[in-house]
Amino acid sequence: MSSRDIVAAIVALLVALTFPPTDHGDAAPVRKFTRARPKAPAPEKCEPRRFRIILDVGHTPESFGATSARNDTEFGFNLHLTKLVGERLKSEGFAATRVLVTEGKARSSLFKRVAAANHAHADLVLSIHHDSVPDKLLEEWEFEGARSWFSDRFSGHSLFVSERNPRFGASLAFARLLGKELKNRGLRYASQYTLPVMGRYRRQLLDKDVGVYRYDALVVLAQTRSAAVLLEAGSIINRDEEMAMNSPERQELIVAAVTAAVGEFCERR
């Protein structure tokens, strides 16, 4: 073999090694190697025993809120019902539930409540109150020899949330759950907050099915960093409803509704 033939053979071999023949019928698919994307962490499951609930007793012993048709203080109603709710929640496994009682004048006590809730890193704040009406709607009567005031015109519970709350969506979600549970137990919400007669107490109705209103100026709702809802459990200026609010039967309906709503809210987190 001549040197020219040897060179040609070497060139042919190099070409064959560089460009191997392709069989289109049996061609192996080209594999694409991609880096696996890290999985998003699964959301933490809500554990009732670690779910931090602040039950805020509306008003204080010094600034007791409304006066009922029979001259009892709103604070007394609030404290009693809130304690019942707290006991039930703890019995249902929500061990981190705390009943918050504050002291002092109305304005200063509001910021104490906010500070306590934020310091506790609460998951939910529920402020419990009992309702009245604007003074211009009150009528005079006498109860047990004492001059008293009442209004039988309106009744029912109501729920308030603030759009200024950093967790407004969660606040509204819980308010709707609680409103649904109250409705399922045959309780009706107070519809008067949409009426012009309420004056400066008139509010925007966010959910007309279960009675959730918007109230941005409430400090306890607007400045807490957790979901926050205010419940007016019923009207104590209405003479018939005041009696109902004092009954174990009505109190049980409200306690059961709050407990069911908290349980569902926790599960959905």
Mean accessible surface per residue for the range 129-269, computed with a 1.4 Å probe while every protein chain stays in place, in Å² = 47
Using amide H atoms built 1.01 Å from N in the peptide plane, name the residues 5+ places from V99, or on other chains, whose amide H lies under 5 Å from its own.
-> L55
Given H placed 1.01 Å from N in the peptide plane, which residues other than close sequence neighbours of A227 have an amide H under 5 Å from its amide H?
-> V125
Are there trypsin sites (Lys or Arg not before Pro) in the range 193-227 that DSSP marks as loop and that have at most 11 other Cβ atoms within 10 Å, and which are they?
-> K208
Distance from the range 87-137 to the range 162-211 (C-alpha centre basis), Å | 18
Would you pull out the residues with amide H under 5 Å of D207's amide H, same chain only if 5 or more places away, H placed 1.01 Å from N?
-> V212
Taking every pair of Cα atoms in the range 207-269, average 1/r, invert it to obtain the Kirkwood radius, and report Rg/Rh to two decimals.
-> 1.02
Convert each backbone phi in the range 223-233 into a coupling constant with the Karplus relation 6.51 cos²θ - 1.76 cosθ + 1.60 (shift: θ = phi - 60°), then list the ³J(HN,Hα) values in order as whole Hz, x for Gly and Pro.
-> 10, 6, 8, 9, 4, 9, 9, 10, 10, 8, 6
Whenever you get a sec, compute what percent of the accessible area on the range 120-269 sits on carbon and sulfur atoms (1.4 Å probe).
-> 46
Phi to ³J(HN,Hα) by Karplus 6.51 cos²θ - 1.76 cosθ + 1.60 over the range 51-62, Hz, x for Gly, Pro = 7, 8, 10, 9, 9, 8, 6, x, 6, 9, x, 7
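The values are calculated or read from the model by the stated rules, or taken from the named source; none is laboratory data. All of these numbers come straight from a predicted model, not from anything done at the bench. Glycine also receives a Cβ, built like all others from the backbone with ideal geometry; neighbour counts cover every protein chain displayed. Just so you know, the surface numbers come from the protein's heavy atoms only, side chains and all, with ligands and any DNA or RNA stripped out. Shrake-Rupley method; radii C 1.70, N 1.55, O 1.52, S 1.80 Å.
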